[in-house]
Every structure is written in C-alpha cells, then in structure tokens.
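A short reminder: the numbers here are calculations on the coordinates, not readings from a lab. Model, not experiment: these values are computed from the prediction. Cβ sites come from the backbone with ideal geometry, for glycine too, and all protein chains shown count toward neighbours.
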Amino acid sequence: MRANQLYAPTLRESPAEAELISHKLMFRAGFIRKAAGGIYSYLPLGWRTMKKIMQIIREEMDAKGGQEIMMPITQPAELWKESGRWAVYGDEMMRLKDRHGREFALGPTHEEMITTLIRDEVRSYKQLPLMLYQIQNKYRDEIRPRFGLMRSREFVMKDLYSFDRDVEGMNISYQKMYDAYSKIFERCGLKFRAVEADNGAIGGGHSHEFTVLAPNGESSIAYCENCNFAASDEKAELKIIQAAPEELKPLEKVKTPACHTIELVKNFLNVPIEKTIKAVAFMDDQERLILAFVRGDHEVNEIKVINSVENANHLYMAGDKLIENAGTVAGFMSPIGISNAIIVVDQSVMMMSNAVAGANEIDAHFINVTPKRDFDAEKIIISDIRMVQEGDPCPHCGAKLKMTRGIEVGQVFTLGKKYSEALNAKFLDEDGTNKYFEMGCYGIGVGRTMAAAIEQNNDADGIIWNRAIAPFEVVIVPVNAKDDKQLAFAEEIYNELQKSGVDVLLDDRKERAGVKFKDCDLIGYPLRVTISPKTLDSGNVEVKVRRSGEFFNFDRENCVKNILELLETL
Ligand code: ATP
Ligand code: MG
C-alpha cells in the first residue's frame with residue numbers, strides 16, 4: 001500500500017471528551033471517528049488492526065473446532081420473551097419496532113438466537129459437541145458510553161456458543177475456549193490475567209474474565225502473589241473475619257444528634273470504625289426494599305447482594321418513602337426491629353460484638369450491638385456481600401491479597417441448561433432419552449482489545465504496535481519523495497518486502513521528512529525504513545525500531561533478510 005492512496009487523516013489535537021490515551025491516540029492517528037456518543041466509524045488504519053485481531057481470533061476459534069456463522073443483528077422480541085429476558089434486560093437493550101408494530105431488539109448478545117437456531121435441527125448426540133461463532137456488531141445502550149471503543153454502544157464482538165451432551169463435555173468446551181483465549185491475547189502481545197468472574201445478567205455456572213492489566217482500566221481485580229488466585233472485585237469471595245471474643249454488654253439506645261454517616265457517628269461515640277455497622281438501602285427491580293449491612297470499614301458489593309437475594313436482578317438506590325415504609329430512617333438503619341424489608345447481612349458482621357448500629361429513628365443509635373444475639377436470624381439473609389480490599393486474606397491460601405486495575409477484553413461462561421431449558425432445546429442422547437443441551441458462551445470485544453493494546457503500548461509520540469496487530473508491519477520512508485533516486489530505491493525494497501509477505505506501507509507522500517516521521521511514530525508502525533541521501537551514498541538503509549528507538553544500518557544486499565529477521569524479534 002502507498003501512503004498517497006491511503007486515507008489516514010492524522011491530527012494534532014484530540015477531542016476534548018477523550019480521557020484515555022487510547023481514545024486520544026486512536027482519534028489522532030486516524031483510526032476512528034465518532035458518529036454519536038459511543039458509535040464510531042473505523043478508518044482504514046483502524047479497520048486493518050481490527051481485521052488482524054479478528055483473524056487471530058478466527059484462527060484460534062477454528063483450531064478448537066469452532067465454525068463461523070453469521071446471525072441477524074435484528075432479533076424478534078418473541079425470542080427474548082420466551083427466555084424471560086425481554087423484561088429483565090433493562091434499558092441497555094436497544095429496542096425498535098417495524099412498520100407493523102412488531103418489536104425487535106438489536107442484539108446485545110445471542111444466546112436466544114442461537115439456541116432457537118439449532119433447537120429443531122440438532123437432534124442427536126452424534127451432532128455434538130457443537131461450537132458456533134460469529135464476529136459482528138453488538139448493541140448495548142450503555143448508560144455512560146465513554147473511552148472511545150472501550151465502552152461504546154455499537155461494538156464488534158466475537159461470540160461463540162458451545163453445545164454439549166453433558167456437564168463433562170461442557171467443561172471440556174470451556175477449557176478449550178479458555179486456552180484459545182489465552183492464546184489470542186498472547187498473540188496480540190498483551191499482558192493479561194484470566195480472573196474468576198461473576199456471571200452477571202447472562203446467568204449460569206462459572207466464568208473467567210480475561211483482563212488486560214492497565215492502570216486506567218475500569219475493572220478492579222484482586223490477586224494473590226502466593227498462589228494463583230485472581231478474581232474480579234465483583235466476584236472475589238471473602239472469608240469470614242473472626243473477631244476476638246469480648247464480654248457482651250447489654251444493648252442500649254443512645255442519642256446521636258445529626259450523626260447520619262459512619263464517620264460522624266464513630267467520631268461522636270469515639271469508637272473505631274471496625275466497631276460500627278453500616279447500612280445501604282437498595283430497591284430492586286420488583287420495588288422491594290433491600291437493606292444491606294456491612295462493617296463500617298467495608299463496602300457493599302451490589303453484585304453479591306443481587307446474587308444472595310432470590311429473584312433480584314437490578315439494584316437502585318432506595319428512596320426515602322420506601323425506607324420510611326419499613327419503619328426506619330436513612331442514616332440510622334439497623335436490622336433491629338425492622339419489617340417490610342429484605343435484610344442482607346455480611347457474614348463478618350455476624351462475628352461482631354458490642355458494635356454500633358442505627359436505632360431506626362432519627363438521631364439515635366444502638367450501642368453494644370451483638371448481631372448473633374440482637375438480630376432476628378429467621379428474618380435475615382447472612383452472606384458474603386462485601387467488596388474485596390487490598391490486604392484481605394486470599395480465599396485459597398490466606399496470604400494478603402493485592403489489588404490492580406485492568407480492562408476486561410473477553411469473558412467465558414458456562415451456562416449449563418439455563419437457555420436450553422428456557423427455550424426447550426433438547427437432543428436425543430445415546431440412551432434414548434431427551435436431554436437439554438449443556439451450553440457455554442464466550443465473548444471477545446474486538447474494539448476494546450485494540451484500545452487495550454494501545455493503553456498498554458504507547459509513549460509521548462504515539463502508539464507502539466505489536467507486530468501481529470499493527471496496521472502495517474513496516475513503513476518505508478524516502479525522506480524526499482520528490483527525489484527519483486530515493487523513491488526508486490524505496491520502491492525496490494517495498495516490492496521485495498511485499499514479495500516476502502511483509503505487510504508494508506510506502507510513504508511516498510511529498511511531505512516534509514519531519515511530518516512523515518511524526519506520523520510514523522504517532523501511528524506506531526513497528527519498523528521504519530528510512531531512505532535518505534546519506535543512505536543512498538553509503539548503499540545502506542536505516543531501520544528504526546519503534547518500541548526501543550534503536551537504529552540499525554543494513555546494507556542494500558542483505559537488508560530485506562535483515563528486516564525479516566528483525567521483525568521476528570518483535
Ligand atoms: P462490561 O462489564 O465491561 O460492561 P460485559 O461483561 O457486559 O462488559 P460481556 O457480555 O462479557 O461484556 O461481553 C464480552 C466482551 O464484549 C467483553 O469482554 C468486552 O470486551 C466486550 N464489550 C462488552 N461491552 C462493551 C462495550 N460497551 N463496548 C465495547 N466492548 C464491549
Ligand atoms: Mg463480561
């Protein structure tokens with residue numbers, strides 16, 4: 001490809017709204033342009049990298065027996081009503097009507113579509129296991145689209161679905177995908193971790209998120225340096241924190257004027273924060289009041305709360321009316337003497353004694369609360385509902401956990417029979433009985449992977465591509481393209497590299513050398529081959545490695561061979 005024919009508009013400025021370096025650089029380097037919030041066009045350079053990532057994904061999916069298909073983006077509402085998700089998916093689903101008033105969704109994911117696709121045709125165990133995938137646009141009306149391709153509303157996703165006879169088969173498919181994902185992100189040159197994750201709205205069994213480590217990532221992960229444990233902060237299981245035994249004192253109500261936060265009450269009563277019990281009031285999608293209680297120095301994990309309350313799907317902050325109806329008041333809540341609410345208490349709260357908790361009336365708290373004695377065990381749910389924190393004990397080995405941030409680029413789930421049962425998808429097994437498929441689903445965000453790669457690989461001058469996903473592997477720059485000699489020399493090398501299978505760009509633009517060099521650094525081609533009067537004189541070419549900034553001089557005769565060798569090391 002010649003730069004003269006390439007549409008690659010580079011810019012000096014980035015959009016005001018761009019917070020992340022990947023967003024800024026993708027915009028400045030001419031990779032993407034915005035059409036609306038969270039909706040983007042990919043320009044030639046951006047699309048080249050996207051296609052390279054997709055190719056890597058395809059190769060690894062195919063290597064594990066995946067078969068590529070293409071399903072519709074426009075999905076009839078009936079499918080989602082049948083599975084029960086039309087009502088629970090919420091505002092994130094983009095919905096539309098056709099001219100007859102029939103309802104559709106723009107696919108945020110395809111479990112319903114694929115399960116109904118195969119249910120009447122895959123009838124025998126002999127057709128299993130089956131792994132089908134597609135790479136296609138997905139639609140999610142994210143509440144806060146941001147960070148460019150990282151959290152957009154229309155984005156390219158690879159989604160594979162596995163169908164197996166039994167749980168054992170499903171777990172084998174899961175492992176295959178887990179291995180394929182590891183390979184994909186390794187081939188893309190990313191530093192990542194596979195972390196134990198929550199299944200979220202998809203439901204089902206176990207799950208891992210593939211998280212690219214980056215300080216600006218939206219995901220927070222807990223990991224253990226002593227053993228292999230790593231989990232998203234939403235998922236990380238926590239052990240009960242035991243408390244030292246104390247002599248129990250009688251429950252007592254005290255005045256705490258205007259002490260409606262933990263900070264205020266702890267200072268007013270002069271107690272350590274670990275001796276306080278904090279309440280958070282939620283309303284769920286069925287408008288039930290859910291009161292969650294954790295130790296004052298801990299934070300509530302909403303996902304864990306959802307998972308511990310039957311039929312809760314979404315949580316919202318509860319309004320004062322709902323709280324009042326339960327006979328309590330915001331800022332002074334405790335489970336003591338409350339009705340009309342679902343009460344969820346963190347397991348570590350149950351270990352506390354002589355603690356401070358609200359008295360369910362304005363300006364009053366209980367002191368000497370001992371949950372085991374004072375909470376009505378029949379009326380409460382006791383569960384692990386808190387967020388992990390740096391220094392918490394590892395659930396596997398007990399060592400102190402560390403926290404780091406990252407970007408979730410892919411996730412694998414076992415679904416079990418969740419969708420096959422809901423959508424009545426069965427096959428005839430060898431023993432003559434009809435069984436529901438054991439399923440799994442596996443997604444990778446292609447645009448988010450591209451953005452994550454930039455987050456991890458950039459410097460003050462621009463992007464630094466790993467060779468495997470660079471829009472071009474090599475750029476050849478005759479410093480003065482008006483000079484026929486330089487251009488002729490550059491063309492020779494260009495042709496030879498192309499013949500050797502290198503993805504190469506010839507920067508034949510009649511721009512100043514400085515402009516071209518700046519663009520090369522901004523776009524981030526792994527190798528730059530420079531032809532100048534000096535190199536012409538000496539019969540050499542100068543090669544610059546983008547990542548290390550190293551320069552090499554290769555003589556004309558061996559330069560293609562040397563460039564190929566150098567590429568191998570990148
Ligand atoms: P998140 O928690 O970040 O919202 P998710 O867990 O809902 O993502 P999945 O359903 O697991 O996403 O989708 C599979 C992959 O699709 C994700 O790992 C991510 O790479 C990508 N993805 C999901 N949502 C978006 C989005 N809004 N923009 C870009 N990529 C996305
Ligand atoms: Mg996910």
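Starting with the highest mean, order 399-412, 163-176 by the number of other Cβ atoms within 10 Å, averaged over the residues of each peptide.
Per-residue mean Cβ counts within 10 Å order the peptides as 399-412, 163-176.
Note down the nm distance, to one decimal, between modelled labels 7 Å out along Cα→Cβ at V88 and at H100.
With each label placed 7 Å out from Cα toward Cβ, I get 3.0 nm.
Rounded, prolate or oblate: pick one for the chain, where a ≥ b ≥ c are the square roots of the eigenvalues of its C-alpha gyration tensor, a/c under 1.5 means rounded, and failing that, prolate if a/b is larger than b/c, else oblate.
prolate
Expressed in nm², what is the orientationally averaged projection area of the convex hull enclosing the Cα positions of the range 472-568?
Taking a quarter of the hull surface, the average projection is 5.4 nm².
Under 18 Å from a label point 7 Å along Cα→Cβ of K81: give me every residue in the range 398-427 with its amide N that close.
The answer is 422-424.
Using the Kyte-Doolittle scale, find the helices of the chain whose mean hydropathy is at least -0.5 and whose Cα atoms extend 20 Å or more along the helix's long axis, counting only whole DSSP H runs.
Counting only whole DSSP H runs, the qualifying helices are 44-63.
Placing +1 on the Cβ of each Lys and Arg and -1 on the Cβ of each Asp and Glu in the chain, which of Y40, Q55, N267 has its Cα farthest towards the positive end of the resulting dipole?
In the chain, that residue is Y40.
Mark the label point 7 Å from the Cα of L11 along Cα→Cβ and return the residues of the range 516-538 whose backbone N is within less than 17 Å of it.
519, 522-523
Let me have the relative contact order for the chain, percent, based on Cα pairs under 8 Å that are six or more residues apart.
17
State the extension gain, in nm to one decimal, for the chain segment bounded by R146 and E430, taking 0.36 nm per residue of separation less the distance between their alpha-carbons.
97.2 nm
Going Cα to Cα from K534, which lysines come in below 17 Å? Please leave out same-chain ones fewer than 8 positions away.
Leaving aside lysines fewer than 8 places away in the same chain, those within reach of K534 are K482, K485, K544.
Using 0.36 nm per residue, how much length does the chain from S124 to M317 gain when fully extended, once their Cα-Cα distance is taken away?
Computed gain between S124 and M317 is 64.7 nm.
Mean residue ellipticity at 222 nm from the helices of the chain, using -39,500 (n - 2.57) per DSSP H segment of n ≥ 4 over the full residue count, to the nearest 500 deg cm²/dmol?
That comes out to -8000 deg cm²/dmol.
Rounding to the nearest 20 debye, state how big the charge dipole of the chain is about its Cα centre with +1 on each Lys and Arg Cβ and -1 on each Asp and Glu Cβ.
My answer is approximately 1240 debye.
Let's test the formula: R0 of 25 Å, r as the Cβ-Cβ distance of C397 and Q175. What FRET efficiency results, to the nearest 0.05?
The formula returns an efficiency of 0.60 here.
Give the calculated FRET efficiency between R288 and D461 to the nearest 0.05, with a Förster radius of 41 Å applied to their Cβ-Cβ distance.
According to the calculation, E is roughly 0.15.
Roughly how many Å is it from the Cα centre of the range 544-570 to that of the range 338-371, as a whole number?
Between the Cα centre of the range 544-570 and that of the range 338-371, the gap is 68 Å.
Suppose we keep just the DSSP beta bridges with both residues in the chain; what percent of those would be antiparallel, to 5?
Given both bridge residues lie in the chain, the antiparallel proportion sits at roughly 80 percent.
What is the magnitude of the charge dipole of the range 472-568 about its Cα centre, with +1 placed on the Cβ of each Lys and Arg, -1 on the Cβ of each Asp and Glu, and no other charges, expressed in debye to the nearest 20?
360
Take the residue pairs K34/K176; K176/K235; K304/K417; K275/K304; K24/K97; K24/K400 and return only those whose Cα atoms are more than 28 Å apart.
Where the Cα-Cα span goes over 28 Å, the pairs concerned are K34/K176; K24/K97; K24/K400.
Quick one: length gained pulling E557 to R2 fully straight, 0.36 nm per residue minus the C-alpha distance?
197.5 nm
Based on the mean of other Cβ atoms within 10 Å per residue, sort peptides 496-503, 6-13 so the most packed one is first.
In decreasing order of mean packing, 496-503, 6-13 become 496-503, 6-13.
Mind scanning K138/K191; K249/K372; K52/K561; K191/K239 and naming the pairs with a C-alpha gap bigger than 18 Å?
In this structure, K138/K191; K52/K561; K191/K239 lie more than 18 Å apart at Cα.
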